[in-house]
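What follows is a short report on a single structure.
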Amino acid sequence: MRWSHYPVTTVKEVPSEAEVVSHQLMLRAGLIRRLAAGIYTWTPLGLRTLRKVETIVREEMDRAGALEVLMPAVQPAELWQESGRWEKYGPELLRLSDRHERPFVIGPTHEEVITDFARRELKSYRQLPVNFYQIQTKFRDEIRPRFGVMRGREFIMKDAYSFHADAASLERGYAAMREAYVRMFTRMGLEFRVVRADTGAIGGSASEEFQVLADSGEDAIAVSDGADQYAANVELAPALPPAAPRPAPAQALARVATPGRRTIAEVATFLQLPPARLVKLLLVEGSDGGVVAIALRGDHELNAVKAQKLPGVASPLRMAGPDSIRAATGVAPGFLGPVGLRCALYADHAALALADFACGGNEEDLHLTGVNWGRDLPAPQGVDVRNVVPGDPSPTGEGRLSIRRGIEVGHIFQLGTKYSEAMQATVLDESGKPVPMTMGCYGIGITRIVAAAIEQNHDAAGIVWPAPLAPFQVVLVPLNAAKSARVRDKAEELYAALTAAGVEVLFDDRDARPGVKFADAELLGIPHRLVVAERGLDAGRLEYRHRRAAANEDWPLDGALETLLARVRAG
Ligand code: ATP
Ligand code: MG
């Protein structure tokens, strides 16, 4: 493509509305333009990368034997009433009425529509297993659309749904999708991890996320250095109970005045103890309207996903308000402790393993030291309710955990019969009896992948595309061509030859200063740059640079085309 024919302009300044680097660079390089909050237009340049992502996803889905379909974005509300999600889905679901006042939704996902399709088309177990997928626009009225297309309201997803006669077949289908996903993200040149995930509101049993590793990622992932490459969302990663038994009490219980010291940091400094020797108490709402106390080691964080699964704790987790805390303990937050507590109490395994610990005294400005479970208060039930921290042993027993950040680009689920039962999607089994089909579902955020790829691959000058996702493979930069027929002719000749060889070339034929052209080429992140300049031609040379390289290479004019083609093919 000739740059002079490409009307979208690059921007030098960092756009103030963009918080993360991928959003900034996508706006600056002219890949997307905002229409409304969380709603974007893809420019010709941006669309080239989006299509590359789509193509890789489509090829790997096809290779895995999935069948492409295209379902409507607008879906009748009856289907959502049938599945029970019309009530459950909440304000992320965009609802609307047609001219006859019939309710519809704009699809945030397509379980209902595909299950309806499957129950009409599939009659016998002999037609199973089958996997239908589509690449299509979704709408979710996200509470905080942000980071550009990373968390948009309108976005493109690849969603696939598999149908099986039994659980064993689902497991095989799930494994095939997992393998296809690994191939896709590997082909895209992204560094990623497959992590065990919470099944959340969708329900079902096994579930894994595909996370692109990037420091700005919204999700914290626990990654083991063990040979089994264990990785799990921190929401889910189990923290093993300490291996060593609790030491015997060595100190006497003491009351210590701690005027105005409320936070763990303040109390630890004041008592001259490490936070790991303190026990903090958090009060959450109970499922019966009361409160439930959870004791944690001072340096640990409560894990909401684990906590809301404890018997008696309200789900989703809600922290108790100041009034119910005072009613339950007689004291304000900051001085809470487990001794003499009247409400239900759980203790995290690590807190329960402490002897001679310090904690709040349930009186204003009072803490206790030398506290011991079993001696000063009954030992409560030990549970796993904390987030894992770096250095924790891997739950598989192999290696130690570190915490990385990731961007969720894909999610695969074994759904089971949740939708097929609710919507009576049955087939006849071998004995002629109708049985609900067993389902799996498999999503990929196509638009999010583009942002995640940039988040992982950029430098101070701009985007550094992994070759398989770059909008163009080569940027061809003639310098001062207006003044030099030789430069013009050589550049045109190279452009024609590269194009004829099937290379995707962006030809910077603009009448712009060299500095502007170089800055734009770096911002756009195209892997291979070839410069044609008068001085080089005099010496019979061309200047080449790979986007990831620190320095230029000087190539002889003779054979330069062949060298470039070989580099492009190498990726
Ligand atoms: P998240 O936790 O990020 O909200 P999700 O669990 O709601 O994601 P799924 O319902 O599993 O997402 O959707 C499948 C994929 O679609 C996700 O893995 C993600 O890549 C993508 N996706 C989900 N929501 C958005 C969004 N608002 N904008 C862009 N992509 C999204
Ligand atoms: Mg979501």
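The values are calculated or read from the model by the stated rules, or taken from the named source; none is laboratory data. Please read these numbers as outputs of a predicted model, since none were measured by experiment. Here the Cβ positions follow ideal geometry from the backbone for every residue, glycine too, while neighbour counts run over all protein chains shown. For the accessible areas, the whole protein counts, side chains as well, though only heavy atoms, and no ligand, DNA or RNA atoms are used. Shrake-Rupley method; radii C 1.70, N 1.55, O 1.52, S 1.80 Å.
Quick notes on this structure:
- Candidate set from region 317-344 (those that are of a type in the set (D, E, K, R) and assigned to a loop (DSSP other than H, G, I, E, B)); member that is modelled with the highest pLDDT: Arg318
- Of residues in region 82-110 being among the hydroxyl-bearing types (Ser, Thr, Tyr) and surrounded by 17 or more Cβ atoms within 10 Å (Cβ to Cβ), the one farthest from ligand 1 (Cβ to nearest atom): Ser83
- Residue in region 49-57 that is farther than 23 Å from Glu218 by Cα, open to solvent by 60 Å² or more (accessible area, probe 1.4 Å) and modelled with pLDDT of 95 or more present: yes
- Looking only at region 432-485, and only at residues there that are away from ligand 1 (no atom under 14 Å from the Cβ), under 30 Å from Gly173 (Cα atoms) and part of a strand (DSSP E or B), the one that is most open to solvent (accessible area, probe 1.4 Å): Pro434
- Of the residues examined, Gly38 is one that is of a type outside the set (Ser, Thr, Tyr), within 16 Å of ligand 1 (Cβ to nearest atom) and in contact with a Gly (Cβ under 7 Å, 6 or more places away or on another chain).
- For Ser420, the stated conditions do not hold, so it cannot be described as over 19 Å from Ala206 (Cα atoms) and more than 15 Å from the chain's Cα centre (by Cα).
- Count of region 141-190 residues, restricted to those that are outside any strand (DSSP E or B), more than 16 Å from ligand 1 (Cβ to nearest atom) and not basic (Lys, Arg), is 13.
- Qualifying residue in region 379-395 (condition: farther than 17 Å from Leu253 by Cα, of a type in the set (S, T, N, Q), surrounded by fewer than 17 Cβ atoms within 10 Å (Cβ to Cβ) and modelled with pLDDT of 95 or more): yes
- Screening Arg102, Arg95, Arg120 for residues that are away from ligand 2 (no atom under 16 Å from the Cβ) and either over 21 Å from Asp141 (Cβ atoms) or not assigned by TED's automatic domain parsing to the domain that holds Phe163 (or both) leaves exactly one candidate, Arg120.
- Of all residues in region 292-313, those satisfying the criterion of being aliphatic (A, V, I, L, M), modelled with pLDDT of 95 or more and open to solvent by less than 40 Å² (accessible area, probe 1.4 Å) are Val292, Ala293, Ile294, Ala295, Leu296, Leu302, Ala307, Leu310, Val313.
- In region 133-176, the qualifying residues are those that are open to solvent by 10 Å² or more (accessible area, probe 1.4 Å) and of a type in the set (Asp, Glu), and the one that is nearest to ligand 2 (Cβ to nearest atom) is Glu142.
For every residue, the table says whether it meets (1) among the small types (Gly, Ala, Ser); (2) more than 23 Å from the chain's Cα centre (by Cα).
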{"position": "Pro7", "(1), (2)": "no, yes"}
{"position": "Leu25", "(1), (2)": "no, no"}
{"position": "Ala29", "(1), (2)": "yes, yes"}
{"position": "Ile32", "(1), (2)": "no, no"}
{"position": "Glu54", "(1), (2)": "no, no"}
{"position": "Ala66", "(1), (2)": "yes, yes"}
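- Just so you know, in region 314-342 the residues that are of a type in the set (Lys, Arg) and within 25 Å of Pro259 (Cα to Cα) include one that is most open to solvent (accessible area, probe 1.4 Å), and it is Arg342.
- Long-range neighbours under 6 Å by Cβ, at least six apart or interchain, first residue assigned by TED's automatic domain parsing to the domain that holds Pro108 within region 77-88, second acidic (Asp, Glu): Leu79/Glu112; Leu79/Asp116; Trp80/Glu112; Ser83/Glu112
- Residue-level check: of (1) within 29 Å of Val313 (Cα to Cα); (2) more than 16 Å from ligand 1 (Cβ to nearest atom); (3) open to solvent by 30 Å² or more (accessible area, probe 1.4 Å), Ala206 misses just (2).
- Selection count, region 124-140, where residues are assigned to a strand (DSSP E or B) and either aromatic (Phe, Trp, Tyr) or touching a Pro at 6+ places or on another chain (Cβ under 8 Å) (or both): 4
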